[in-house]
Amino acid sequence: MLDRAVIDALFPADLPEPEHWEQQYPARQLPEGAQVTRFGPSPTGFVHIGGIYVATIDRDIATHSGGVYLVRVEDTDQSREVEGALAQFARAFEYFHIAADEADDHGAYGPYHQSARERIYLTFVRHLLRQGKAYLCFATKDELADITARQQAAKIPTGYYGQWAIWRDAEPAEVAAKLAEGAPYVVRFRAPDDAEGRRTRFTDAIRGELEHEANRNDAVILKSSDTSPRLPTYHFAHAVDDHLMRVNLVIRGDEWINSVPLHQQLFGALEFEPPTYAHIAPLMKQISGGKRKLSKRKDPEAGVDFYIEAGYPADAVLYYLRGLANGRLAEMPLETALATPIRLDQCGVAGPLVDLVKLEDISADHIATLTSQQVFDAVRVWAAQYDHELADVLAAETALALRAIAVEREGAENPRKDLRKWSDFRPAYGFFFPQLFEAVSGAADERVTALGVAPEVVSAFARDFADGYEQLADPQEWFDQIRQLAAKHGFAASAKEYKKNPDAFAGSIREASQLVRVALTGSTRSPDLHAITQALGAEEVLRRIRALAA
């Protein structure tokens, strides 16, 4: 074991003792049973929808227990940091209303970026070195590769442990010589001598009692001395941070279960009370023959920006995710489910499937409950970021937009559900706006010819309809205009009559009404024609009908 003077010389002279940090970050004064949770995004990539899933659970449990939810950016691996990742974190948290009680700009237990906590970590690394619970390791990349190769050849577990840990029991003089040379080193945790072959048990808040092989590896806890800043590995950083931030419940993906034995050893060596762990099953995707983890590399819907850019309402997504966490919440109305606490003991151990069709149904049902003004406001916010042309049109045609959205929605027993996300607005409602609508170009327009009505009949029918058109308030009286002209121009009064003798008619009343529908909307499918005309106004109706007659 190195002399204390040698160890202390490796660190800044003014580095505080552990007691300093314990006093700076005292135990929180919270009600009994309060849970302090944290979400730890890493800027080495963009936020996975699974991250929002976990953060939602973190936020909910902290809130309902009278605790605290904090966001701590885990950026110790700065070589892999992705530009723009931090901005995306902020965008995602804001969109999904997952506000932290504590973060960089507010909170007494910061900094909340691990890269800004170097002095804290160095204090506790030094503390372990002084106690002989950690040691300096000068093994080179080539030496480590050789160790791995020999272990593989011998068909034994790979790692830096036991006889393979070549610097674990090095003589102080040998260490001093390397330091004198200026050789770079890392600091490794000294796993307990009796770890090999032992089993360790812990209680998971979701999975109950678990048992795993104890950690035997002397894990790196402080990265190479030739880097700046000197940052720890995640394993060590999270132990120090969770203790000093007084986190008592760690909710994270189940890929971390195998790390619990090491984490238990680190907490024990540091003489910290370990938090409770809850390991969440990953979100899954159905594939041919089974299912797999939702992947950011393979699946667009794995990324949070997929939902934001498409304009899925945040509440609909959160409701869906909460239902995946606790099935009972999926059976509740949206507002009730959003207010009902998530329970860890009701989280499954098998990964739930992400079903976009189900999400879109939920989203359509939710949007159908909103007022026209609420829909308009939400679409306008979305369009300001992702569809500038539509945003300009909505600003210029606010009254028309509100009339359009109200069609078959306000006052309807079964409101329209043609909006599943805000990006659906342009294809579903764009025809209402002259700036976005492409009028038909006469009887030869392919949208018109598809109806199978003779061009001369189309033109004559449209001219007569425009010449005698009245903007009537009564739907039946308004449709009688089409019915009367259809009879005049040789259309059968019903589809049944037309089918009996198709050669005798220009088409049926259905084709006649579809001529008007295509002229007004550009499509054979649309909301109620009369309601559309009331929203458009007589002048715009006539402009579009005359385009059909041209």
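Tabulated results
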| quantity | calculated |
| --- | --- |
| Those chymotrypsin sites (Phe, Trp or Tyr not before Pro) in region 105-139 that DSSP places in a loop and that have at most 16 other beta carbons within 10 Å | none |
| Theoretical FRET efficiency, 1/(1+(r/R0)^6), r = Cβ-Cβ of residue 143 and residue 17, R0 25 Å, to 0.05 | 0.15 |
| Solvent-accessible area, 1.4 Å probe, carbon plus sulfur percent, for region 429-528 | 48 percent |
| 1.4 Å probe accessible area per residue over region 396-451, in Å² | 48 Å² |
| Residues residue 346 and residue 497, FRET efficiency given R0 of 60 Å [Cβ-Cβ distance, rounded to 0.05] | 0.50 |
| Reachable aspartates and glutamates from residue 296, criterion Cα separation under 18 angstrom, eight or more residues apart if same chain | 81, 83, 254, 255, 305, 309, 355 |
| Helix 356-368 vs. the chain, principal-axis angle (Cα, 0 to 90°, nearest 10) | 60 degrees |
| For region 81-190: accessible area per residue (Å², 1.4 Å) | 50 Å² |
| Zone of residue 339's modelled label, taken as backbone nitrogen in region 355-373 under 19 Å from a point 7 Å along Cα→Cβ | 366-367, 369-371 |
| Of all DSSP beta bridges in the chain, antiparallel share, percent nearest 5 | 55 percent |
| Between region 474-504 and region 398-440, the alpha-carbon center distance in angstrom | 28 Å |
| Listed residue pairs exceeding 30 Å between alpha carbons, taken from 155/291; 298/358; 223/285 | 155/291; 223/285 |
| In region 425-521, GluC sites (Glu not before Pro) in a DSSP loop with at most 16 other beta-carbon atoms within 10 Å | 438, 470 |
| Amide proton proximity set for residue 233, modelled H, under 5 Å, gap of 5+ | 222, 223 |
| Accessible surface of region 311-406 [probe 1.4 Å, protein heavy atoms]: carbon and sulfur percent | 55 percent |
| Region 323-383 - accessible surface per residue (Å², probe 1.4 Å) | 48 Å² |
| Rel. contact order, % - alpha carbon contacts under 8 angstrom, at least six apart, the chain | 11 percent |
| Extension reserve of the residue 198-residue 78 stretch, reckoned as 0.36 nm per residue once the Cα distance is removed | 39.7 nm |
| Residue 178 - accessible surface, heavy atoms, 1.4 Å probe, Å² rounded to 10 | 60 Å² |
| Carbon + sulfur, % of accessible area of region 152-202 - ligands and nucleic acids excluded, 1.4 Å | 48 percent |
| Long-range HN-HN contacts of residue 36 with modeled amide H, under 5 Å | 68, 248, 249 |
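The values are calculated or read from the model by the stated rules, or taken from the named source; none is laboratory data. Just so it is clear, the structure is predicted and the values come from calculations on it, not from any experiment. Positions of Cβ are backbone-derived with ideal geometry, glycine not excepted, and every protein chain shown enters the neighbour counts. For accessibility, only protein heavy atoms count, side chains too; no ligands or nucleic acids. Shrake-Rupley method; radii C 1.70, N 1.55, O 1.52, S 1.80 Å.
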